Amino acid sequence: MSKTILAISGSLRDRSSNTQILKLIGTWLPADISYDIYDGMGDLPHFIPAAEDEAFPKAVQSLHNQLDEADAVIICTPEYAFGLPGSLKNLLDWTVATGNFVDKPVAVITASSQGSYAHPSLLTTLGALSANIVDDATLLIPFIRAKMDTNGNITDEATERELHTVIDNLLQAIT
């Protein structure tokens, strides 16, 4: 039976290192894995807790549907100003009341110049959402631009091995 992985880039830039990593990961997956990179983060309205009592906006409902249909999630994010990008935090906030991440296997990759603040922050937020952060499926990649070429390929062998380990462990969690 086919499994579905939803990938979420913490960056809205199409050519960001994080989006390139997610595209590369998609080429490594077995044929029986359905893999989609979420492209609606820029359409999400600002999270307003009072809105939970109302019908969700269309973009939010689409996010919830995609998360519910996914067997697992991969998040790959940069670090902005020593924290998570606001757009990614906004996305996660929209899932607090719906439980989309509860027990959902999740892999977490932080690829940035540093990343040492965003990575634990994202893990903490996902813990609050009761996500199943898969053992050995988290990775902090500092100095990412020195480890990739302009086509989005990983040029650092150790980083490529670590990414494969993350993906292998996530796949083991869902198969």
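All of the numbers you see were taken from the coordinates with simple rules; none came from a lab. Nothing here was measured: the structure is a model prediction, and the numbers come from that model. Counting neighbours? That spans all protein chains shown, and the Cβs are built from the backbone with ideal geometry, glycine included.
Working from Cα pairs under 8 Å separated by at least six residues, relative contact order for the chain is 24 percent. Put simply, the amide H of residue 34, placed in the peptide plane, has neighbours under 5 Å in 3, 4, 5, leaving out anything fewer than 5 places away on its chain. Considering only Cα atoms, the convex hull volume of region 1-98 works out to 101 Å³ per residue. Sorted largest first, the spans of the alpha carbon positions of region 3-174 along the three principal axes are 49, 37, 26 Å.
Across the chain, the longest run free of exposed loop sites, meaning chymotrypsin sites (Phe, Trp or Tyr not before Pro) lying outside DSSP classes H, G, I, E and B with no more than 16 other Cβ atoms within 10 Å, spans 1-46. Of the beta bridges in the chain, as assigned by DSSP with both residues counted there, near 10 percent are antiparallel. Using the Karplus relation 6.51 cos²θ - 1.76 cosθ + 1.60 with θ = phi - 60°, the per-residue 3J(HN,Hα) values for region 59-68 come to 5, 6, 4, 4, 4, 4, 4, 5, 5, 5 Hz, with x marking Gly and Pro. The phi torsions of region 11-23, fed into the Karplus equation with coefficients 6.51, -1.76 and 1.60 and a -60° offset, translate into couplings of 10, 8, 6, 4, 9, 5, 4, 5, 5, 4, 4, 5, 5 Hz, rounded to whole numbers, with Gly and Pro shown as x. The residue 46 and residue 24 beta-carbon pair, evaluated with R₀ = 41 Å, returns a calculated FRET efficiency of approximately 0.85. The lysines whose alpha-carbon is closer than 20 Å to the alpha-carbon of residue 23, local same-chain residues fewer than 8 away aside, are 3, 147. With neighbour counts taken as other beta-carbon atoms within 10 Å, the residues 23, 104 rank, fewest first, as 23, 104. Each Lys and Arg Cβ is given +1 and each Asp and Glu Cβ -1; about its Cα centre, region 3-174 then shows a dipole of about 440 debye. Rounded to the nearest whole Hz, the Karplus-based 3J(HN,Hα) values (6.51 cos²θ - 1.76 cosθ + 1.60, θ = phi - 60°) of region 108-124 follow the sequence 10, 10, 10, 10, 7, 5, 10, x, 6, 9, 5, 4, x, 5, 5, 4, 5, with x at glycine and proline.
Ranking of 164, 64, 119, 46 by neighbouring Cβ atoms within 10 Å, starting from the fewest: 46, 164, 64, 119. Which residue, chosen from 137, 106, 120, occupies the Cα position most advanced towards the positive end of the dipole of region 3-174, where the dipole is computed from +1 (Lys, Arg) and -1 (Asp, Glu) charges on Cβ about the Cα centre? Projecting each Cα onto the dipole axis, the largest value belongs to 120. Once backbone amide H atoms are built at 1.01 Å from N, residue 110 has 77, 139, 140, 141 as its partners under 5 Å, excluding neighbours fewer than 5 places away on the same chain. Could you list the residues of region 90-118 with an amide nitrogen less than 19 Å from a label point located 7 Å from the Cα of residue 168 in the Cα-to-C-beta direction? Within reach of a label on residue 168, which here means backbone N under 19 Å from a point 7 Å along Cα→Cβ, region 90-118 contributes 106-109. Work out, in µm²/s and without decimals, the Stokes-Einstein translational diffusion coefficient of region 61-101 at 10 °C, 1.306 mPa s, Rh from Kirkwood over C-alpha pairs. It comes out at roughly 141 µm²/s.
Simple point charges give the picture: +1 on the Cβ of Lys and Arg, -1 on the Cβ of Asp and Glu, and for region 1-73 a dipole about the Cα centre of about 440 debye.
Sorted ascending by nearby beta carbons within 10 Å, beginning with the fewest, 109, 48 become 48, 109. Helical runs assigned H by DSSP (4 residues or longer) give the chain a calculated mean residue ellipticity at 222 nm of -11000 deg cm²/dmol, each run adding -39500 (n - 2.57) before division by the residue total.
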